[in-house]
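Nothing in this text is a laboratory measurement; each read-out follows from the coordinates by a stated rule. Because the structure is a prediction, the values reported are computed rather than measured. So basically every Cβ, Gly included, is an ideal-geometry build from the backbone, and we count neighbours across all protein chains shown.
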Amino acid sequence: MNFFDIHKIPNKGIPLSVQRKLWLRNFMQAFFVVFFVYMAMYLIRNNFKAAQPFLKEEIGLSTLELGYIGLAFSITYGLGKTLLGYFVDGRNTKRIISFLLILSAITVLIMGFVLSYFGSVMGLLIVLWGLNGVFQSVGGPASYSTISRWAPRTKRGRYLGFWNTSHNIGGAIAGGVALWGANVFFHGNVIGMFIFPSVIALLIGIATLFIGKDDPEELGWNRAEEIWEEPVDKENIDSQGMTKWEIFKKYILGNPVIWILCVSNVFVYIVRIGIDNWAPLYVSEHLHFSKGDAVNTIFYF
């Protein structure tokens, strides 16, 4: 069986009342995996924003070159969310997201060593940061998938809301963690802002790879809706027997609400990314903030 498949086993016939009693403990294992993995992804995403003033000062990168590196992440992240998201749908997304975190951490670790030994090799830096965008692209969809398999509709919004704080926490502390690691272990050198958080992310990825199950049916249980005796969605009934591509065309490509949200998000992200990505460098160069205060703008945002 494929390492990234959902390994369902025959239903053990455990009474639903017993499954409900055991549900929270088993669900929490899967929930905290996707929570901490997604949080760790932001440690090795927002560290680049925090490092920009240092990259200009120590490595000699220009603002335009920093923009090219950031653009590579944005392009691969967007494409990966669509293409890779389609591939991982229906698979063991809890395990996939841990594996992708490992790949992402290795990529950022290599980036730190490249900066250390070779300096501003633009082509290589663009490729590495672009690969990081690919590996991180399905972190959100994969987490949604795992939580949705475990949580019935009446509980799903609550837990998705809790999970959504993971990127706020990871994003907020990313700059401080990166700068602290660089100061303590690398004598303040900017390479530490890549190596230190990538080691943390790598350890989290390895530790979570085999924790928990992606689906109650991997335990021989019923589906979440059946455990909590909820009626099955009409869409789930209608989609039975449809291929993944048919579902994609009917419920996504043919859904005008999805397209409205897509267009709206474009303009939201122009403002969000414009401020979020460039705040540390802007306040450092134009408002004369100290490097530490510049890094803290990520936390406040």
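Projection of the Cα convex hull of the range 198-301, averaged over all directions and equal to a quarter of that hull's surface, yields 11.9 nm². Using only C-alpha atoms and all pairs of different ones, pull out the Kirkwood radius for the chain in Å with one decimal. It works out to 20.7 Å. Label point 7 Å out from PHE32 along Cα-to-Cβ: which residues of the range 90-125 have amide N under 18 Å? Once the point is set 7 Å along Cα→Cβ of PHE32, 94-95, 98 turn out to lie under 18 Å by backbone N, inside the range 90-125.
The phi torsions of the range 246-259, fed into the Karplus equation with coefficients 6.51, -1.76 and 1.60 and a -60° offset, translate into couplings of 5, 5, 4, 5, 6, 9, 10, 4, x, 9, x, 4, 4, 5 Hz, rounded to whole numbers, with Gly and Pro shown as x. Taking the centroid of alpha carbons for each part, the range 150-220 and the range 247-301 are 20 Å apart. Note that the range 129-138 has calculated 3J(HN,Hα) couplings of 5, x, 4, 4, x, 4, 5, 8, 4, 9 Hz, one per residue in order, obtained from phi through the Karplus relation 6.51 cos²θ - 1.76 cosθ + 1.60 (θ = phi - 60°); glycine and proline are x.
Considering only ILE195, ILE173, ILE75, the Gaussian network model of the chain with Cα springs below 10 Å gives its largest mean-square fluctuation to ILE75. Using C-alpha pairs under 8 Å with a sequence gap of at least 6, the mean separation divided by the residue count of the range 132-238 gives a relative contact order of 29 percent.
To the nearest 20 debye, what is the magnitude of the charge dipole of the range 200-279 about its Cα centre, counting +1 on the Cβ of each Lys and Arg and -1 on the Cβ of each Asp and Glu?
540 debye
Ranking GLY78, ASN183, ILE97 by Cα position along the charge dipole of the range 16-217, where only Lys, Arg, Asp and Glu carry charges on their C-beta atoms, puts ILE97 farthest toward the positive end.
Under the convention that each Lys and Arg Cβ holds +1 and each Asp and Glu Cβ holds -1, the size of the dipole of the chain around its Cα centre is about 600 debye.
Around the amide H of ILE6, modelled in the peptide plane, lie the amide H atoms of ASN92, all under 5 Å away and 5 or more residues distant in sequence or on another chain. Spin-label pair PHE87-TYR117: with each label point 7 Å from Cα along the Cα-Cβ axis, the two points sit 2.8 nm from one another.
Here the 3J(HN,Hα) profile of the range 9-24, calculated from phi with Karplus coefficients 6.51, -1.76 and 1.60 at θ = phi - 60°, is 10, x, 4, 7, x, 5, x, 4, 5, 6, 4, 5, 5, 8, 4, 4 Hz, Gly and Pro shown as x. Of all the options TRP259, TRP221, TRP150, the one that moves most in a Gaussian network model of the chain with Cα springs shorter than 10 angstrom is TRP259. Amide H contacts for ILE191 (H built 1.01 Å from N in the peptide plane; partners 5 or more residues away or on another chain; cut-off under 5 Å): none found.
Dipole of the range 16-217 computed with +1 at Lys/Arg Cβ and -1 at Asp/Glu Cβ about the Cα centre; of SER17, ALA51, ILE169, farthest Cα towards the positive end is SER17. Ordering VAL138, PHE299, LEU281 by Cα displacement along the dipole of the chain toward the positive end leaves VAL138 in first place; charges were set at the Cβ atoms of Lys, Arg (+1) and Asp, Glu (-1).
Please state the relative contact order of the chain as a whole percent: Cα pairs under 8 Å, 6+ residues apart? Across the chain, relative contact order equals 31 percent. Loop-located trypsin sites (Lys or Arg not before Pro) across the range 1-94 with a Cβ neighbour count of 11 or fewer within 10 Å are LYS12, with loop assigned by DSSP.
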